[in-house]
Amino acid sequence: MARPLHWLEISADYRCNNRCIGCFSVLDDGGPSMSSREIAAALVTARERGATSLWLGGGEPTLRKDLVATVRRARELGYQRVKLQTNGMLLAYPEFTERLVSAGVTEVNFAIKGARAETHDRLTRTPRCHELMLKGMAEARRHALSLEGDILVYRSNMAELPDMVRQYAEAGLARFNVWLFSATDQGDRDLSQQVPRISDVMPFIVQALDEHPERPADFISSLHTPPCTIPKSHRRAAFHAADLRLWVQNPGGYGFFLEESPIEGGHYLPGCAGCALRKDCGGVRQDYLAIHGDAELAPES
């Protein structure tokens, strides 16, 4: 019997109007892509397995001509939540956001790379990206959508993390997911210098949490950081991908549970078997170990 789902994530293709450092998304129509028919079939199959929440990713999902139809069909099938993961640029245009809201989008996750335009636009390699994202946030907030931030942390922007949380919380974002940049699937490009050490990033995550004690316990989720690398006092930020029961559907019929992705982790040290935190730990990424080693990992008895 197939494992029941809560979330379905559809990454229909890898087109994007950003050129972010370290991302393999493309600007043109080349590359693998799911047809509207394949998307519709995935929606039905996931609902039959119990999914009630839909996550639309990519690439950049707002470039899909069938996005509004996909959202509308998902709501017709009974999906209660429809989350759009986006760079937010097209949401700056009121009529576009209005169409998505009318179709049934309930929440938006904004891809954030800096507190300031200088940093954000440098890492997205897209002029005015920050300006348009802020306008997109304002439009989404005007429609009372639930808003979150997906902060991608590079070595070069990690010191801005508390500022990012502070600034975008003031802009209406209720939660933040902190992602560590991965050098997985970068081909012959050496981007290892962009991968930050967990021990260097963690003080900034702790600072961001401490600056907002009034926020819920899950105000910040720290992805790609095994719980043993998070101070005991702040383990409310630990993230366990398997808890989402999220199935990712990619082009070419390729699907997997989120926790099976090498970008999430999946590797354990010999000492991890007896760790008291093991049941809630997704492991560490192989690319991280290759760059920084395992000295930061400390299984607990």
List every residue pair whose Cβ atoms lie under 8 Å apart, where the two residues are 6 or more positions apart in sequence or sit on different chains, the first residue falls within segment 208-219 and is more than 16 Å from R235 (Cβ to Cβ), and the second residue, located anywhere, is β-branched (V, I, T) and open to solvent by less than 80 Å² (accessible area, probe 1.4 Å). E211/V165; H212/V165
By residue number, the members of segment 207-238 that are over 17 Å from W179 (Cβ atoms), small (G, A, S) and either in contact with a His (Cβ under 6 Å, 6 or more places away or on another chain) or part of a helix (DSSP H, G or I) (or both) are S233
If you check G172 against the conditions, is it surrounded by fewer than 16 Cβ atoms within 10 Å (Cβ to Cβ), out of contact with any Asp or Glu (no Cβ under 7 Å at 6 or more places or on another chain) and either closer than 25 Å to R3 by Cβ or of a type in the set (S, T, Y) (or both)? no
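Yes or no, residue by residue, for (1) open to solvent by less than 30 Å² (accessible area, probe 1.4 Å); (2) closer than 15 Å to D150 by Cα:
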{"residue": "A69", "(1), (2)": "no, no"}
{"residue": "R72", "(1), (2)": "no, no"}
{"residue": "Q85", "(1), (2)": "no, yes"}
{"residue": "E118", "(1), (2)": "no, no"}
{"residue": "H130", "(1), (2)": "yes, yes"}
{"residue": "K135", "(1), (2)": "no, no"}
Of S199, S222, the only residue that is crowded, with 17+ Cβ neighbours inside 10 Å, of a type in the set (S, T, Y) and under 23 Å from D280 (Cα atoms) is S222
Of all residues in segment 44-67 being more than 20 Å from S33 (Cβ to Cβ) and not hydrophobic (A, V, I, L, M, F, W, C), the one that is surrounded by the most Cβ atoms within 10 Å (Cβ to Cβ): S53
Residue selected from segment 243-286 under the condition within 22 Å of L5 (Cβ to Cβ), small (G, A, S) and in a helix (DSSP H, G or I), by the criterion most open to solvent (accessible area, probe 1.4 Å): G252
Matching entry among S182, S156 (being buried (at least 17 other Cβ atoms within 10 Å of the Cβ), within 20 Å of H240 (Cα to Cα) and of a type in the set (S, T, Y)): S182
Would a scan of segment 79-93 turn up a residue that is farther than 26 Å from R128 by Cβ, hydrophobic (A, V, I, L, M, F, W, C) and either in contact with a His (Cβ under 7 Å, 6 or more places away or on another chain) or modelled with pLDDT of 95 or more (or both)? yes
Single residue of segment 74-83 satisfying the filter (touching a residue at least 24 places away in the same chain (Cβ under 8 Å) and of a type outside the set (F, W, Y)) that is surrounded by the most Cβ atoms within 10 Å (Cβ to Cβ): A74
Checking the structure you have, find out if any residue of segment 10-30 is over 25 Å from S182 (Cβ atoms), open to solvent by 50 Å² or more (accessible area, probe 1.4 Å) and touching a residue at least 12 places away in the same chain (Cβ under 8 Å). yes
Number of the exception - V108 against (1) closer than 28 Å to A208 by Cβ; (2) buried (at least 20 other Cβ atoms within 10 Å of the Cβ); (3) in contact (Cβ under 8 Å) with a residue 60 or more places away in the chain: (3)
Hits in segment 87-105 (condition: more than 24 Å from R37 (Cβ to Cβ) and open to solvent by less than 10 Å² (accessible area, probe 1.4 Å)): N87, G88, L91, T97
Working only within segment 268-301, note down all residues that are among the aliphatic types (A, V, I, L, M) and over 24 Å from the mean Cα position of the chain (by Cα). L269, A273, A276, A295, A298
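The values are calculated or read from the model by the stated rules, or taken from the named source; none is laboratory data. Keep in mind the model is a prediction, meaning the values are calculated, not measured. Virtual Cβ from ideal backbone geometry, glycine too; neighbours counted across all protein chains shown. For the accessible areas, the whole protein counts, side chains as well, though only heavy atoms, and no ligand, DNA or RNA atoms are used. Shrake-Rupley method; radii C 1.70, N 1.55, O 1.52, S 1.80 Å.
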